[in-house]
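The values are calculated or read from the model by the stated rules, or taken from the named source; none is laboratory data. This is a predicted model, so every value here is computed, not measured. Here the Cβ positions follow ideal geometry from the backbone for every residue, glycine too, while neighbour counts run over all protein chains shown.
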Amino acid sequence: MWLNVFFLVFVMGIITSVVGVLIGNGINSKRNNVVASLYEISAGMMTGIVCFEMIPKSIEISNIYLTLFGCVSGVILVLILDIFVNRSKKAKDNLINTSALIIIISMSIHNIVEGIAIGSAFVFSLSLGISILILNLVHDLPETIVVGIGLNKEKSNIVKKLIKAVFLGMPTAIGAIFGIILGTISDTYIALSLSLSGGCMLYIVSCDLIPSSKEISKKKIVSLIYVIGLLLGLYIIKI
């Protein structure tokens, strides 16, 4: 089972990353409203996935206390990562490139956690595993587009950018293996994986994506795209 899940997550993750980077590479980074809109829709979809699927499922499998513990742990994990990234970056040339760097590193870490959630979900049930996998790939696409926009300013050729995209998609598959191992031990680990991943995603939404969007564009119409992303996430879960 673990081999099938690994290759499925690995291939789908790479395809999503490559497509997102290619799309972002073709978007003019000076079009601030486009960039901000991508942040907003990604933030909305991530919020919807966490609040309407991952957290409720974690509570259903375990209890509210374990779920809260997992969410808080996920927030702390990405907070430490965020502090490290900001301290280690010597200069912030512009907002978009800085955000792209944070998203690249944050995605690599939280994609491992998401992979754990996906692997655990597959152990719980095939339908839950496929559902979590699809939802995570859908919300990853806008993020990888933003990464592609940031990479657009680099002097490297498209091949090097695509190689970065491939490596961006690998952590999810690696995490899925750990998720399967943990999921076979106990349902508690499945619930913890879902809530931990949810906490990571909520931090990225509230502390990275939305603040970045607001600094790039002040238009209310752009802010409303967050609601569209939220409803889109709910729709995808329920179809």
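Restricting L168, L151 to those that are under 11 Å from V21 (Cα atoms), touching a Lys or Arg at 6+ places or on another chain (Cβ under 9 Å), at pLDDT below 75 and not basic (K, R) reduces the list to L151. Is it true that V123 is part of a helix (DSSP H, G or I), at pLDDT 80 or above and more than 25 Å from I41 (Cβ to Cβ)? Judged against the criteria, V123 is a match. Might you let me know whether the stretch 188-195 holds any residue that is under 28 Å from N32 (Cα atoms), at pLDDT below 85 and hydroxyl-bearing (S, T, Y)? No, every residue in the stretch 188-195 fails to be under 28 Å from N32 (Cα atoms), at pLDDT below 85 and hydroxyl-bearing (S, T, Y). Filtering the stretch 3-50 to residues that are under 17 Å from I216 (Cα atoms), among the β-branched types (V, I, T) and either in contact (Cβ under 8 Å) with a residue 24 or more places away in the chain or in contact with a strand residue (DSSP E or B) (Cβ under 7 Å, 6 or more places away or on another chain) (or both) leaves I27, V35, I41.
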